[in-house]
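These notes concern the structure reproduced below.
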Amino acid sequence: MRRNFLGLLGKAWLALILVFLYAPILVMAAMSFNASPFYQLPFEFSGAWYQDMMANEQIFTAAARSVLIAAATTVLATAFGTSASIALFRYDFRGKRILQVLLFPPIAIPWLITGTAMLIFFFTIGIGRGTPAVLIGHVALALPYVIVTVSARLSSFDITLEEAARSMGASSWTVLRRVTLPWIAPGIVAGGLFAFAVSFDQFVVSYFLSKPGDTTLPVLIYTSIRKGFTPEINAVSTIIIVLSMAVMFLAARYSRFGGER
Amino acid sequence: MSRVEVSNVTMEFGQTTALDDVSIAFEDGGFFALLGPSGSGKTTLLRTIAGFYFPKSGTIRIGDRNVESVPVEKRDIGMMFQNYALFPNMSVADNIGFGLRVRKVPAAEEKKRISEALDLVQLGALANRRPSQLSGGQRQRVALARAIVTNPKVLLLDEPLSALDKTLRVDMQIELKRIQREVGITTIFVTHDQEEALTLSDRIGILRNGRIVQAGPPREVYDRPVDEFTAGFLGEANWLSASLLEDLTLPAQVDGHRFGTRPEALRISADTPDAGQNAVRGQVRQRIFAGAMATCLIDVGGSQWKLIARDRDIPELPGDGQVWVSWSPEDTLVVRA
């Protein structure tokens, strides 16, 4: 009896959490299909906002830029981060500890501060605002995430596997490709997803570093809201959410697959 | 298959000298055990021969080639690691075939050689398994097959049996010896288990503090150890105090030497032993029965001796425990003082 009650309470609590997490998102998604531009009920189904969105070239270019920057960030941060992790794992050098400790603060420093610092820095060295600055900034933000996830995976790697491969005549490159990388692949994928998410969701740093009128999707959404809320934005946001969730499902499946090895 | 020769090799890690002017030769086709306590440099010597470390000075020859500055992957060795180091993401066959693929052996020949290697270690049925699906002994066989499938010049084994339990270890010793004979490969084997070294190898080398203390056939090293350390490391020894030496027949000058015996060389008797035997008086402290064998702990001139004999060869002991302990003069151990 008591047990049933507690079980019920637990389920209710879980439901509450899910409502807390998903209600705003569901409301937004619903409103993107509501005909009224002022969020008026009763709900009346309409695909008009999606049509508007499709016709809005600004949204399209911003979205394309966002995806492009996120993809480039993923590739660069994953490549740099993975090689950095392997170097940190394999070699002992002066200042290694300091370097490892210095990797973590950027995760904790508020993006607002990092963004300001980057803006000042890029102006000082002459890069200025624009897509290159945004890309460099995103890579810098994403790098620690990649290093942390790949290093976590590497910490369970048995270095004698590399020695064994070398004893059989494999060159460093073959060892890396055939032995080390397959082992850390799940970590690299997870790090890459982090990097994509950090870049694609990035508002603060993008806002500071991008040129006006030449922005990423989150910045465009923000500026549109300031001008006046249109349900078009709901439509964009809904699509982003669906895509993000799809990516996360894939990631979950992949990492389980990787964990089996 | 080749002779391996290490000459005057010194190896340092920072301030510590891991190998101190080591010279030793490993004959073609021989089974050689490197034995020593931890930190003696035996693993360092093996890894230096493998090419994981480059010596500070000295030369290493494998066959007719000087390799001291050649990296591991170019030395043409086979190595087996303590934890086997099988690739977890590859099947048994792919693990064994790794070195063949690296050498770009044609696919048909690769397949043939993998199956020959699998037959040699009697694992033919498990080619498609993953290492995680194998038992400890099976993993060991895969590691061995992987190490020899490329026909390397020398096989290096780094404590390969230490992860197995006792019974499996004895089986694998026999197996390892059989395969080594069949393949005829020069084998160098690191172990801290002296029984394993004596059982398996044609020659053993004892290391201590980065130096080779003694090298030779197992029986010779056991019977004629050069110093107290080697005598104690390969087995047990009782040492004669100076006051006991007078009436004994000794094979060498007393000056500069110490004398002792192996526990199993001793006989115990209540009566005076035959002339011609070395004999000392002793007081039995304890007689430990262990089935076929028995151990006696005897106080001889103030130091505790150990005697091991078949239980039936030890006579009824007198009430006061006073006995004669005797041995043949040629069984006396002579070491550097």
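The values are calculated or read from the model by the stated rules, or taken from the named source; none is laboratory data. These figures come from a predicted structure and were not determined experimentally. Using ideal geometry, Cβ is built from the backbone for each residue, glycine included, and neighbour counts are taken over all protein chains shown.
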Hey, A:Thr160 surrounded by 14 or more Cβ atoms within 10 Å (Cβ to Cβ), under 30 Å from B:Val105 (Cα atoms) and among the hydroxyl-bearing types (Ser, Thr, Tyr) or not: yes
So, B:Ala145, is that one touching a residue at least 24 places away in the same chain (Cβ under 8 Å) and out of contact with any Asp or Glu (no Cβ under 8 Å at 6 or more places or on another chain) or not? yes
Hey, can you tell me all the residues within segment B:105-136 that are modelled with pLDDT of 90 or more and of a type in the set (A, V, I, L, M, F, W, C)? B:Val105, B:Ala107, B:Ala108, B:Ile114, B:Ala117, B:Leu118, B:Leu134
Being out of contact with any Ser or Thr (no Cβ under 7 Å at 6 or more places or on another chain), more than 30 Å from B:Arg219 (Cα to Cα) and either among the β-branched types (Val, Ile, Thr) or not assigned by TED's automatic domain parsing to the domain that holds B:Leu46 (or both) is true for just one of B:Thr150, B:Thr191, B:Thr167. Which residue is that? B:Thr150
Among the residues of segment B:106-148, which ones are within 19 Å of B:Phe31 (Cβ to Cβ) and outside any helix (DSSP H, G or I)? B:Val121
Can you say whether B:Val105 is of a type in the set (Val, Ile, Thr), within 13 Å of chain A (Cβ to nearest Cβ) and surrounded by 16 or more Cβ atoms within 10 Å (Cβ to Cβ), as far as the supplied structure shows? yes
Checking B:Phe189 against (1) modelled with pLDDT under 90; (2) buried (at least 17 other Cβ atoms within 10 Å of the Cβ), which test does it fail? (1)
Going by the structure shown, is B:Glu73 touching a strand residue (DSSP E or B) at 6+ places or on another chain (Cβ under 7 Å) and either surrounded by 15 or more Cβ atoms within 10 Å (Cβ to Cβ) or basic (Lys, Arg) (or both)? no
Exactly one of these conditions fails for A:Leu181: (1) over 21 Å from the mean Cα position of the chain (by Cα); (2) among the aliphatic types (A, V, I, L, M); (3) more than 20 Å from A:Phe194 (Cα to Cα). Give me its number. (3)
Residues of segment B:8-21 classified as exposed (fewer than 15 other Cβ atoms within 10 Å of the Cβ) and within 16 Å of B:Arg61 (Cβ to Cβ), total: 1
Of the residues B:Asn95, B:Asn89, only one is in a helix (DSSP H, G or I), facing another protein chain (nearest Cβ under 10 Å) and over 27 Å from the mean Cα position of the chain (by Cα); which? B:Asn95
So, in segment B:7-35, how many residues would count as being on the phi > 0 side of the Ramachandran plot and part of a loop (DSSP other than H, G, I, E, B)? 2
Name every residue in segment B:67-81 that is in a loop (DSSP other than H, G, I, E, B) and more than 8 Å from chain A (Cβ to nearest Cβ), in order of residue number. B:Val67, B:Glu68, B:Ser69, B:Val70, B:Arg75
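If you take the residues in segment A:147-174 that are more than 19 Å from A:Phe104 (Cα to Cα) and under 30 Å from the mean Cα position of the chain (by Cα), which one is nearest to the other protein chains (Cβ to nearest Cβ)?
Per the stated criteria, the residue is A:Asp158.
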Tally up the residues in segment B:45-60 that are surrounded by 15 or more Cβ atoms within 10 Å (Cβ to Cβ), of a type outside the set (A, V, I, L, M) and away from chain A (no Cβ under 14 Å), please. 3
Scanning segment A:185-228 for residues that are among the basic types (Lys, Arg) and in a helix (DSSP H, G or I), the one farthest from A:Met118 (Cα to Cα) turns out to be A:Lys227
Report yes if some residue within segment B:138-147 is closer than 26 Å to B:Thr44 by Cβ, of a type outside the set (Asp, Glu), in contact with a Ser or Thr (Cβ under 9 Å, 6 or more places away or on another chain) and within 14 Å of another protein chain (Cβ to nearest Cβ); otherwise report no. yes
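Does A:Leu21 fit the bill of being under 23 Å from the mean Cα position of the chain (by Cα) and either acidic (Asp, Glu) or part of a helix (DSSP H, G or I) (or both)?
yes
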Could you check, for segment B:122-130, whether at least one of its residues is in the same structural domain as B:Thr43 (by TED's automatic domain parsing), in contact with a strand residue (DSSP E or B) (Cβ under 7 Å, 6 or more places away or on another chain), at positive phi and of a type outside the set (Gly, Ala, Ser)? no
